[in-house]
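*Asks:* Mind looking over this structure? Questions follow.
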Amino acid sequence: MSSVLYSLGRWAVRARRLVLVGWLLVLALVGGAGGLLYQGFDNSVTIPGTESQDALDRLSATFPQVSGSSAQIIVVAPDGTTVQDDAVRGPVTETVEELGDLDQVAGVTSPYDDVAPAEISDDDGATLLTIQLDGDQSVITEDTKDALHTASDDLAAALPDGSQTSLGGELFSVEFPHLSIIEAIGVVVALVVLIITLGSFVAAGLPLINALMGVGVSMLLLLGATVFGPINSTTPMLGLMLGLAVGIDYALFIVSRHREQLGDGLAVDESIARSVATAGSAVIFAGLTVMIALVGLGVAGIPFLTVMGVAAAAAVGIAVLVSLTLLPALLSFAGERLRPRAPRARQGRGRRQAAPEGRRENRFFAGWVRGATRYPVVTIVVIVGAIAALTWPATNLRLALPDAGSLTEDNSARVTYDLVAEEFGDGFNGPLIVTGSIVTSNDPVQLMDDLGEEISQLPGVADVPLSTPNPSADTGIVQVVPEGGPTSEETKALVNEIRDQHDHYLEKYGVDLSVTGFTAVGIDVSDKLGAALLPFGLVVVGLSLVLLTMVFRSIWVPVKASLGYLLSVGAAFGTVTLVFENGVFADALNVTTLGPVISFMPIILMGVLFGLAMDYEVFLVSRIREDYVHGGDARHAVRTGFLGSAKVVTAAAVIMFAVFVAFVPEGDMTLKPIALGLAVGVLVDAFVVRMTLVPAVLALLGDRAWHMPRWLDRALPTFDVEGEGLAKELRLASWPEPGAQDAVAARDLEVAGPDGPGRGTPVVGPVSVRVPAGGALCVHGDAAAPVSALLLALAGRMAPDAGAVKVTGLVLPERAMSVRGRVAVVDARAEGGRPAAAVDAAVRDGARMVVVDRTESVADRLAREALAGALARAQAGGTAVLLGASGVAATDLLPGAPAAVLDVGGGWGAPTTLTGADVPPPVEPDPAPAAGDPAGDGDDTIDDDTHVQEVRA
């Protein structure tokens, strides 16, 4: 991957104007598409497969008058009067008639109706008008909402002084999130941190431009995506929050690596390419983990949450793409202006003393890691204990969908909510609907009266104001007003109680009853999301174990990382519970009401925080691992690796925290707990878990931290996050000599035996050999397996265990995929002993090298002659040939053509002998290719299958 990203970075530098114009064009196109296709956001919640949703769907067909959304107007008469007084009765009656004539209004209850009167308080001082709408929230137009507001305002003006009138209800229970100036503070903080970290206004501005471009494209795409289906209004805010955070952070990692390399004297273009190859690899890994976790929100099986996860994942993916293409172009435009200045000198007691940039920070972080690792057991116990204490309140975390009670106190719907609770009771803000088919009943009216009477006797029921069949007498409903509010535990218990009585009602009345309504839907959403947390957590933790094992080639490091992630999640949950349920700092954070938090907060927080935690883990621990591999002292590597990455991780975490926490003070109650949880989670994960707990654990484990079974090491693919493969390619760029055109160059190559390397297990090799382009190598031995293993390793099909290998100019195993595209492998035995046609076909397909194994199986004279002819044609066209045989070398297939002969002896572990071939020189430990020409051959890129540009004066 690092090699591909290196080439991408070089291309972005050369085509910087094209890249910049291309992204601006993309922004303009998606902006136009978004404006044309935007259909509005939809806050309706559907959860297919739940009892409440299925019942609601049936009601929309059989009893549409009660299946749609609803609104409420509460009227409170002046003190000393009642709603029966003429001064109140007249305006209310007129308003009811006016409301009934509005579009999308199915019906309005009146307190003066003898059949189905509106609710009147016990003291006759207030009435509650219920406006039943024709359709759910998503189809009610703004014109209808405006008309309802106008009617409510007119009623308030017509009533006598001292009256109170307020419009609210389910239709107005959720307020659309919106941006405010407060969110911009997070961007300002990010800019300040970037300036401090990078030491340059130009360098600090590039990550912001990078993030804003990514956010702009993703948000405009989201507007256009509304044409394909409903999208929740919280979705763009979540995408904006994540897009800003990761866009800035990912750019920070690349820019900081670029400036570090510029400070070491590297040329601008080469530094950009290497930064994209190394830091860019980590950006891709971090972005993929966030995206996978977000898409994994679909585990819950709730459509709106799935859409939210996919949209947020798309925003992260675009941020990654912009960071790997637009940012290198911008860095190229900045050029030498980003190169750090030489350290200033300062006078100190009669002599000149250097004052290197960052010395104070290094001393600070040196003291930090020294304190964390001096007594690692103490550090671990203290941190785990403190986080466990912070997590404990999360045991009381309650989940619910937001309602009008979570809006600001000056909001009309919140005023209505509070007045209804005061005048009628909490339950009138969230009535339940119990419904079922009554088509078999002979007396549907009496049946519904009996059902309503029995349900009214259940504990927790405040009132049953309505119990009636529909006009066609095939479906009945019972409206149940609970004693508790919509999000209370008492109401949830009542819903469960009615459902528990299902068999009783079916046996006694012959009615298959279901509980639905806005409140029941919210309860079902919360239950379903709560049930999805454990499987989602297992998926996330399992994913982290696999991915980190691939990255760090270790068992303990992934286990430690996953447990640390769980600690961070626990701390975030605990903090959210303390603030939103227990009221700690609630006023300071502008929390409008205490109670349950939004149902999908935990699963979104777990998904996003997983990606961010792995982000910090990779940037910190990969540096420690790199120092360990080079130095071998585990405890020393913890200190040096920490100092090499702590500054960037600190800056990234502070930026993430600033962006997330900026959405807390003015954010709506849907987004506020998510933003606070992410802010706390990032803070705890970066500074407590990754930068304190991780060094302590690694110091305690020592060398054992980097242990990995060899069988597992060979089974897992390699994810080259820190660009070790690129470093190896740069080191071998001029080997065996500048401009070499060998088909094969191998030095001390070893290929492991069938049980893997180590502990005396035999290998093939070491082998050192050079095969020129168009040349030939014959490999043979007494056993077939070692011969095949060596050939497969040279063909890029099997990873070599040791040594330096280049095939057609590409380093193995780092460029194995490209090598496989250039090298054809033909098994003579699988071809029925007649492989000539397969060889000719491989040459026609452009193979630069053909490997023919099991040539001893070509026993027929004519078949051997045909194969010899095919091999001769291949060599004549410049294609190298490698032949394998069990027994005598197949040199007779190459008449007249010089060939090197390699004898692997009697089998695994046998000594090898080579004749007729050059041996490449030893590998230089650290060659320094010219800036802009890493290969030293006039080619300004690492060669690949698609792009080579010659540099000419």
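Each reported figure results from applying straightforward, stated rules to the coordinates on display, with no laboratory input. Quick caveat, the model's predicted, so the values are computed rather than measured. With ideal geometry, Cβ positions are generated from the backbone for all residues, glycine too; neighbour counts draw on all protein chains shown.
*Asks:* Of the listed values [x] 44.4; [y] 72.6; [z] 51.4, grab the one calculated as mean projected area of the Cα convex hull in nm² from the structure here.
*Replies:* Correct label, based on the coordinates given: [z].
*Asks:* Below 15 Å, Cα to Cα, which aspartates and glutamates can residue 528 reach? Residues fewer than 8 away in the same chain don't count.
*Replies:* 51, 54
*Asks:* Same structure, new question: So if I take the centroid of the Cα atoms in region 847-897 and the same for region 454-474, what is the distance between those two points in Å?
*Replies:* So the two Cα centres are separated by 89 Å.
*Asks:* HN-Hα J couplings of region 26-33 from phi, Karplus 6.51/-1.76/1.60, θ = phi - 60°, integer Hz, Gly and Pro as x?
*Replies:* Each residue's phi maps through the Karplus curve to give 4, 4, 5, 5, 5, x, x, 5 Hz.
*Asks:* Nearest 10 degrees is fine. How inclined is helix 86-100 to the longest principal axis of the chain, computing both from alpha carbons?
*Replies:* 40
*Asks:* Ok, one more. Work out, in µm²/s and without decimals, the Stokes-Einstein translational diffusion coefficient of region 51-172 at 20 °C, 1.002 mPa s, Rh from Kirkwood over C-alpha pairs.
*Replies:* The diffusion coefficient I find is 144 µm²/s.
*Asks:* Between region 495-531 and region 820-836, what is the C-alpha centre distance in whole Å?
*Replies:* 66
*Asks:* Taking trypsin sites (Lys or Arg not before Pro) that fall in a DSSP loop and have at most 12 other Cβ atoms within 10 Å as cut points, what is the longest piece of the chain between them?
*Replies:* 350-758
*Asks:* Could you list which residues have their amide H under 5 Å from that of residue 595, counting only those 5 or more apart in sequence or on another chain, with H placed in the peptide plane?
*Replies:* Those qualifying (amide H under 5 Å, at least 5 residues apart or on another chain) are 581.
*Asks:* Also, quick follow-up: Where Rh denotes the Kirkwood radius from the mean inverse Cα pair distance, what is Rg over Rh for region 735-915?
*Replies:* So for region 735-915, dividing Rg by the Kirkwood Rh gives 0.94.
*Asks:* Restricting to DSSP loop positions (anything but H, G, I, E, B) with no more than 11 other Cβ atoms inside 10 Å of their own Cβ, which chymotrypsin sites (Phe, Trp or Tyr not before Pro) remain in region 181-269?
*Replies:* Taking region 181-269 and a limit of 11 other Cβ atoms within 10 Å, the loop chymotrypsin sites (Phe, Trp or Tyr not before Pro) found are 228.
*Asks:* Would you calculate a helix-derived [θ] at 222 nm for the chain, using -39,500 (n - 2.57) for each DSSP H run of n ≥ 4 and dividing by the full residue count, to the nearest 500?
*Replies:* The per-residue figure over the chain is -17000 deg cm²/dmol.
*Asks:* Then there is this: Determine which lysines satisfy two conditions relative to residue 647: a Cα distance under 26 Å, and not lying fewer than 8 residues away in the same chain.
*Replies:* In chain and number order, the partners are 560.
*Asks:* If you plug each phi of region 736-746 into the Karplus form 6.51 cos²θ - 1.76 cosθ + 1.60 with θ = phi - 60°, what whole-Hz ³J(HN,Hα) values come out, in order, with x for Gly and Pro?
*Replies:* Karplus-based 3J(HN,Hα) across region 736-746 equals x, 7, x, x, 5, 10, 5, 6, 9, 9, 10 Hz.
*Asks:* When DSSP assigns beta bridges and you keep just the ones with both residues in the chain, what percent turn out antiparallel, to the nearest 5?
*Replies:* If we restrict to bridges inside the chain, about 70 percent are antiparallel.
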